[in-house]
Structures are given as C-alpha cells and as structure tokens.
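The next block holds one structure in the form of structure tokens; read it before the comments.
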Amino acid sequence: MTNQYPGPPPEQSPGGPGQNPYATPNSGAPAGGGYGFPQGGRPGEPGYGYPQAASQQPPAPGFPPAAAPQPAPGGFQGGAQPGGMLLSLGDIAVSGDTVMTPAGPMPLKGAVWTATDMSRTEERMPTHAVVLAVVFFLFCLLGLLFLLMKERVTTGFVQVTVNSGGRHHSTMIPVQSREQVMFVLNQVNYARSLSV
C-alpha cells in the first residue's frame, strides 16, 4: 500500500520507456511543438486561427482547381451577379438577374411565380381561460367571462413555385401566423414585380 496517494510524476530521462511528458528536456531548451501547439510552434510562424498570406495557403484537399463555368442546360449562364441577394423564399434566392434554386440557376426575367396558401387557422379556447373561469366561478360569477377568451392558431405551409428557363422548382415554407402567410405572399408579389 505504498504510494497510495501519489505525488507529482517522477522525473525520468527523456527518450526512455515511460517517459514523463511533463519533464524538462535535458538540453534545457523549451519543448518542441506537439499537441496544443500551432503549426510548427516556432516563433515567427503563424499559428492556427491567424490569417495567412494567400501564397502560403495550399489548395483545399479534394477539390479540383477552379475551371471555367459550364453553361446550364437551358442556355442560361448563371454566376456572380452585381449587387447582393434581393430576397429569399425558402431555398429559392433572387440575386441580380438570377433566381438560384437547388434545381439550378434560372433567369429572373420572365419567371413565373406561384404561391399557394396551404395553411389553416383555428380559433379555440385556451387552457388558461378554462382554469381561470373555474377558479373565479367559485368566488364570483364573473369568472364565466373568461370563457369568452379565444386564441387563433395557424399551422401549415405556403407553397412557392417558380418556372423559368425551362426549369421548375417548388418549396414549402412553414408558417405559424397569418402575418407570416401575408409576408410570404408579399415576397412572392415582389419577386413577380422583379420578373417583369
């Protein structure tokens, strides 16, 4: 039962079996780079998280060098457009004169936009209104007025479809209120105005 509560690890000679990684090297110089050190760990070298010059960055593994963009099957050439993204509807984005979708880029001019409201709004009595009506009914008859409380709950989706350049894409946007439904429909109307 000796050494039941061990103290600090014993100093051992570097390079030997069971080397203590916390021991000071015999040379007296600081330990070399290892786990937790930036690339190389030497003074003057950039560490991880620091921007490096473009000439020092190797190409990303697994990606071929950039080639000239190939034209889309519909004959429309998409790509970087001047200006930023004008609007986004689910996975449909409008940027410059291009509609970007998972189905591929489409020309904005002449695009046909369709929006279908597939949501429903229910009016119901909330649970807390029933509880308040029962509690206040025992004290006074005015508690029955709590039964007049109603809440509107909207559930469902708005389906947005775009057709242009021989391509078609449809997306479903979830909505939780009538205001969200109106926002999506107004965005589609704005996209229609850009397509003229």
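The values are calculated or read from the model by the stated rules, or taken from the named source; none is laboratory data. Just so we're clear, the structure is a prediction, and the values are computed from it rather than from any experiment. FYI the Cβ positions are ideal-geometry reconstructions off the backbone, even for glycines, and counts take in every protein chain you see.
Name the strands (runs of 3 or more DSSP E) wholly within the stretch 77-192 that hold at least 3 residues that are buried (at least 17 other Cβ atoms within 10 Å of the Cβ) and touching a Leu at 6+ places or on another chain (Cβ under 9 Å)? Before you say what the answer is, go through the steps one by one.
Working: elements: 85-89, 92-95, 98-101, 104-107, 112-124, 151-164, 167-174.
Fully inside the stretch 77-192 and qualifying: 151-164.
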*Among the residues of the stretch 65-86, is any of a type outside the set (Phe, Trp, Tyr) and at pLDDT 75 or above?*
yes
*Give the stretch 169-178 a look and list any residue that's in contact with a Ser or Thr (Cβ under 7 Å, 6 or more places away or on another chain) and of a type outside the set (D, E, K, R), or say none.*
His169, Ser170, Val175, Gln176, Ser177
